[in-house]
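K.L.:
Sending over a structure as structure tokens; questions will come in a sec.
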Amino acid sequence: QVQLVESGGGLVQAGGSLRLSCVASGRSIRTYGMGWFRQAPGKEREFVAAITWSGSNTDYADSVKGRFTISRDNAKNTVYLQMNSLKPEDTAVYYCAADNLLYPPRGEYWGQGTQVTVSS
């Protein structure tokens, strides 16, 4: 069992930046594909970014490509999402996802989510 806890969300103005963190506990995520998803009110959960267990490959939704960067530090059992040039349409609850030996992750494990609100 893996527990995931996200943090770093908050309220920012359009054009600003936030860095989300996802700390895993219970076991090492060294062999886990990791990702970020988001869900806005009234909308389905959508893929944002993913990273392989080695960090050698990343994938991004077209809507965030060039603005968001996913990274991981396996020694700290942590995954990050650096979000720059934020737009109001980025407002959502952001969830961390993990899947052992699976890429891209589909959400074997989910965090509780962290709220990101971008004002215009």
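The values are calculated or read from the model by the stated rules, or taken from the named source; none is laboratory data. Bear in mind that the values here come from a model prediction, so they are computed numbers and not experimental data. Cβ atoms come from the backbone with ideal geometry, glycine included; neighbour counts cover every protein chain shown. Quick note on the areas: whole protein, heavy atoms, side chains included, nothing else; ligands and nucleic acids left out. Shrake-Rupley method; radii C 1.70, N 1.55, O 1.52, S 1.80 Å.
K.L.:
7 Å from Cα along Cα→Cβ at both R19 and S7: what's the point-to-point distance in nm?
P.N.:
Result: 1.3 nm between the two label points.
K.L.:
Another one. When we measure straight from the Cα of K65, which lysines land under 25 angstrom away, once same-chain ones fewer than 8 places off are left out?
P.N.:
Output for K65: K43, K87.
K.L.:
Please report the carbon-and-sulfur percent of the accessible area for the chain; probe 1.4 Å, protein heavy atoms only, DNA, RNA and ligands left out.
P.N.:
The nonpolar share, carbon plus sulfur, comes to 48 percent.
K.L.:
The chain: Rg/Rh from Cα coordinates, Kirkwood Rh? Intermediate results must be reported in sequence, preceding the final value.
P.N.:
Values: Rg = 13.2 Å, Rh = 14.0 Å.
That ratio is 0.95, to two decimals.
K.L.:
Round to a whole angstrom and tell me the spacing of the C-alpha centers of the stretch 82-102 and the stretch 1-69.
P.N.:
Taking the Cα centre of each part, the stretch 82-102 and the stretch 1-69 sit 4 Å apart.
K.L.:
Mind giving me the FRET efficiency for S120 and D73? R0 is 30 Å, r the Cβ-Cβ distance, nearest 0.05 is fine.
P.N.:
Using R0 = 30 Å, I get an efficiency of 0.35.
K.L.:
Give me the 1.4 Å probe accessible area per residue for the chain, excluding ligands and nucleic acids, in Å². Could the numbers behind the result be given before it?
P.N.:
On the way: 5910 Å² over 120 residues.
With all protein chains present, the chain gives 49 Å² per residue.
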